[in-house]
Amino acid sequence: MEPMTASPTLTIRGACPHDCPDGCATLTEVRDGRAVRFGGDPDHPITQGWLCAKVRPYLERVYDPNRLLHPLRRVGPKGSGEWTRVSWAEAIAEIVDRWRAIIAEHGAAAILPYSYSGTLGLVEMAVASQRFWRRLGASDLERTICDAAATAAINATYGAGRAPDPRDVLDSKLILIWGHNPASTGPHFMPLLREAQRNGARVVVIDPRRTLTARSADLHIAPIPATDAALALGMMHVIFRDGLHDEAWLEDNTIGWRGLRDRAQRWSPAHAAAVTGVEKAQIEELARLYATTKPAMLKVADGINRHLSGGQTSRTLMCLPAVIGQVGQRGGGLFYSQSGHIRWDSEAVSHASDAPTPPRAVNMNRLGGALLGEVADPPIMALYVFGANPATSAPNANRVREGLSRPDLFTVVHEQFLTDTARFADLVLPATTQLEQTDLIKPYGHQHLQYNHPAIAPLGEAKSNWTVMRLLAEAMGFREPWLRQTSDEVIEEILTATAAVNPRLDGITLAELQTNGTVPYAPDPDNDVPYADGVFPTPSGKLEIYSEQLAAQGHDPLPDYVPSRDHDADESRLDRPLTMLSGAAHHFTSSTFGNQATLRAKQGPPTLEINPDDAAPREIEDGDLVRVENARGSLQLRARVTTDVQPGVVVSVKGQWGSLSEGGANVNAVTSDELADLGGGSTFHSVVVSVRKLASGDSTERRAAPAAASV
Ligand SMILES: Nc1nc2c(c(=O)[nH]1)N[C@H]1C(S)=C(S)[C@@H](COP(=O)(O)OP(=O)(O)OC[C@H]3O[C@@H](n4cnc5c(=O)[nH]c(N)nc54)[C@H](O)[C@@H]3O)O[C@H]1N2
Ligand SMILES: Nc1nc2c(c(=O)[nH]1)N[C@H]1C(S)=C(S)[C@@H](COP(=O)(O)OP(=O)(O)OC[C@H]3O[C@@H](n4cnc5c(=O)[nH]c(N)nc54)[C@H](O)[C@@H]3O)O[C@H]1N2
Ligand code: SF4
Ligand SMILES: [Mo]
């Protein structure tokens with residue numbers, strides 16, 4: 001029995017804020033102001049009370065002795081790791097003083113905020129990334145690192161990403177999971193997928209790597225990376241040739257399907273096989289399976305979009321459900337993102353019309369180049385990073401580090417931990433975790449809103465992103481009421497503005513969100529299943545296989561296969577080049593969690609998955625230390641010799657911290673900061689490298705980028 005004096009245990013409703021489609025509802029038990037238990041909310045219809053392996057030990061993260069709890073000022077040279085503690089008042093005063101001097105000399109365009117996916121919160125990310133910076137007149141950040149090419153593709157083709165309810169997969173008879181690894185990246189889809197399989201559905205995974213998801217599929221197809229559009233066109237060739245397409249549906253609901261059919265005509269299975277490495281017979285079989293097993297759902301995410309031709313590849317894939325008339329059918333169609341069901345009112349988020357027009361936009365994929373002079377007039381003189389770790393997660397890391405090392409750059413990093421980015425800061429500010437802040441999450445994997453109450457007071461002197469924005473606004477003398485709202489006032493304003501134009505928010509109030517935590521969207525009055533009414537929010541109102549908009553922007557208006565070549569790494573100069581993919585790690589979310597001891601132990605050291613056929617001629621054995629390099633840089637990894645990857649392809653997952661890795665660099669030392677064909681997207685997977693075994697004497701070398709890497 002508990003003693004009579006025991007203080008009561010409170011249970012606080014919350015929502016996981018991390019970059020993941022699942023948006024789990026959480027419950028935190030709090031006693032005497034300390035969180036003592038943390039878990040999933042069993043009443044949530046999708047997330048069902050269990051959390052992934054990353055977030056289950058969340059209290060270890062919240063109470064980690066390495067949490068940043070006080071503002072720090074750098075005393076040694078950049079990157080030296082020597083700090084002195086300062087007060088918040090000193091930190092804010094220093095930031096404002098430095099900015100004022102920079103604005104006087106260069107204008108506010110010389111200040112760049114950089115934030116992305118530390119949290120998906122409406123207040124702590126969307127609003128904190130917009131309002132203050134607009135008012136300041138800072139450079140805008142093009143938020144392109146993740147899904148920009150696929151977003152451009154879905155918007156051009158369907159008008160918006162409106163995935164079906166994930167439970168609709170229970171009606172599917174075939175699920176094609178293409179360039180997506182939900183067993184690691186969106187695990188709450190998996191129990192639904194298993195149930196569909198038990199109901200007799202077949203699951204096909206298309207991924208150059210035998211992923212955790214692929215292991216439990218009925219069929220795994222491994223194309224050569226970035227040839228997926230050729231595979232899809234080969235499938236379409238068979239479907240049109242054999243009259244398995246849905247001509248009536250195409251005729252009524254799309255624009256340009258005949259143009260696509262003409263292109264597919266050039267993609268005989270033999271031709272598609274030669275390009276993709278997938279056998280001709282398998283292309284025939286897959287095409288027939290897809291066109292005749294209905295309902296057929298195509299589930300894609302963003303793996304395929306992080307290529308030079310990622311936009312066109314995404315568009316080609318997204319047309320497959322239209323060809324067989326599955327769009328708008330329960331259990332069929334396209335499952336990409338839920339983000340387009342509700343788009344927050346952008347004016348309420350940003351108050352853009354009350355602020356100056358941003359002087360320019362800087363593509364976040366080019367951060368290194370931008371800091372090193374690619375962006376001039378004015379140059380970037382101040383960088384403010386929050387909810388992001390570009391030294392670890394941005395492409396072409398040596399350029400990023402070189403830019404961050406600029407002695408004349410004034411860098412502030414607002415973080416929970418001393419990340420590899422924070423090490424380059426002039427000032428480090430301590431950030432709260434989700435347990436210490438108020439927010440609203442709109443997950444991209446299901447159709448619910450998730451409210452997050454703070455469960456505990458901020459640890460140490462940690463402050464939330466929005467709290468710091470308000471302090472900075474105050475210190476800059478900005479008096480606008482929209483820079484002084486509480487988090488709940490922000491949420492209510494945006495909810496009200498959005499509900500005025502979107503019936504899916506009908507009747508949803510802040511009070512209901514606060515009470516229930518989880519609130520489903522109102523049903524779409526016209527579409528039980530997305531696009532069941534055949535109305536698409538495109539300029540023509542149809543599904544645009546042919547896109548006039550893309551034509552007007554100078555792009556190919558029809559989907560096609562375009563090869564993705566890693567130009568910068570100069571394949572011809574590399575010794576036996578291999579294509580490198582670096583998708584999600586099972587135990588981290590990008591680089592978040594990459595410093596937590598228990599999760600690092602589960603993930604294991606940074607590895608390179610390499611096929612035995614590629615390992616043997618290089619005399620590489622399992623566990624050997626190898627050097628991976630190209631013209632951009634190099635890193636050291638432990639070889640894992642495995643048939644999980646095809647010959648010619650190597651895999652090293654993202655998110656490992658360079659500072660915690662042998663050799664001091666992570667996989668982004670070799671990734672490309674070239675931009676994709678659509679949306680200015682990232683091209684993390686369009687990368688070639690050479691791989692060689694390291695003699696034991698070489699293994700002590702530090703992040704040794706060849707001199708050419710930074711030019
Ligand atoms: N555990 C975990 N979960 C995460 C994340 C994480 O880091 N870890 N990250 C979160 C984020 S930021 C995002 S955007 C999502 C991403 O979710 P996903 O898109 O599911 O994850 P990725 O691993 O980036 O990419 C999926 C797959 O694409 C494959 N791929 C790469 N190139 C090609 C290609 O050319 N063709 C084909 N067919 N496949 C290809 C990769 O091998 C990889 O298995 O996951 C989120 N969830
Ligand atoms: N090689 C390779 N690299 C990739 C990818 C890939 O496929 N391959 N994928 C890319 C993708 S899809 C994405 S989305 C990007 C993600 O790149 P980033 O957005 O930079 O994400 P993280 O690296 O996880 O860094 C997020 C940081 O935010 C901090 N944080 C968390 N919550 C808060 C908060 O409330 N406030 C503040 N101030 N900080 C907080 C965390 O501690 C963490 O250090 O990575 C990209 N990088
Ligand atoms: S990372 Fe995803 S699966 Fe894990 S707790 Fe958060 S929302 Fe749920
Ligand atoms: Mo992402």
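For this structure, a couple of remarks:
- Counting only lysines at least 8 places from LYS693 when in the same chain, those with an alpha carbon closer than 23 Å to its own are LYS654.
- Using a simple spin-label model with pseudo-atoms 7 Å out from Cα toward Cβ, ASN502 and ARG73 lie 4.4 nm apart.
- Ordered by the count of other Cβ atoms within 10 Å of each Cβ, fewest first, LEU625, LEU69, LEU505, LEU120 give LEU69, LEU625, LEU505, LEU120.
- Contact order, relative form, for the stretch 629-675: 51 percent (alpha carbon pairs under 8 Å, 6 or more residues apart, mean separation divided by residue count).
- With the convex hull of the Cα atoms taken as the outline of the stretch 423-502, the averaged projected area works out to 7.8 nm².
- Two-decimal log10 I(q)/I(0) for the stretch 523-579, as the Debye equation yields it once each C-alpha is a single scatterer, q = 0.21, 0.25, 0.30, 0.31 Å⁻¹: -0.87, -0.99, -1.15, -1.18
- Alpha carbon centroid spacing (whole Å) that separates the stretch 25-59 from the stretch 374-432: 32 Å
- Less than 5 angstrom separates the built amide H of THR518 from those of TYR451, all sequence-distant by 5 or more or on a different chain.
- Peptide packing: for 641-648, 354-361, the average count of neighbouring Cβ atoms within 10 Å per residue gives the ranking 641-648, 354-361, highest mean first.
- For LYS463, the lysines whose Cα falls under 27 Å of its own Cα, not counting residues fewer than eight places away in the same chain, are LYS54, LYS78, LYS442.
- Förster-model FRET efficiency, 41 Å R0, ASP43 and LEU660, C-beta, rounded to 0.05: 0.60
- Pair-distance distribution of the stretch 1-63: all C-alpha pairs, bin width 5 Å, starting at 0; shares per bin in whole percent are 4, 17, 25, 23, 13, 9, 5, 2, 1.
- Distance in nm between pseudo-label sites at GLU195 and GLU82 (7 Å out along the Cβ direction from Cα): 6.0 nm
- If R0 is taken as 45 Å, the Cβ-Cβ distance between ASP613 and ARG360 corresponds to a FRET efficiency of 0.40.
- Each principal axis of the Cα cloud of the stretch 246-394 was taken in turn, and the coordinate range along them, longest first, works out to 57, 38, 28 Å.
- Taking the fewest neighbouring Cβ atoms within 10 Å as the starting point, the ordered list for GLU247, GLU544 is GLU247, GLU544.
- Taking the inverse of the mean reciprocal distance over all distinct Cα pairs, the Kirkwood hydrodynamic radius of the stretch 591-683 comes to 14.3 Å.
- Sum of side-chain charges, HIS44 neighbourhood, beta-carbon under 15 Å (Lys, Arg +1; Asp, Glu -1): -1
- Between GLN265 and LYS693, the simple spin-label model (points 7 angstrom out along Cα→Cβ) gives 5.4 nm.
- Restricting the calculation to Cα atoms, every distinct pair contributes to the Kirkwood radius of the stretch 475-581, found to be 19.9 Å.
- FRET efficiency for ASP622 and ASP242, using Cβ-Cβ distance with R0 set to 41 Å, rounded to 0.05: 0.35
- Over the C-alpha atoms of the chain, the Rg to Rh ratio, Rh being the Kirkwood estimate, stands at 0.95.
Only the coordinates and a few stated rules stand behind these numbers; no lab work does. Not measured: the values here are computed from a predicted model. Methodologically, a virtual Cβ is constructed for each residue, glycine included, from the backbone with ideal geometry; neighbour enumeration extends over all protein chains shown.
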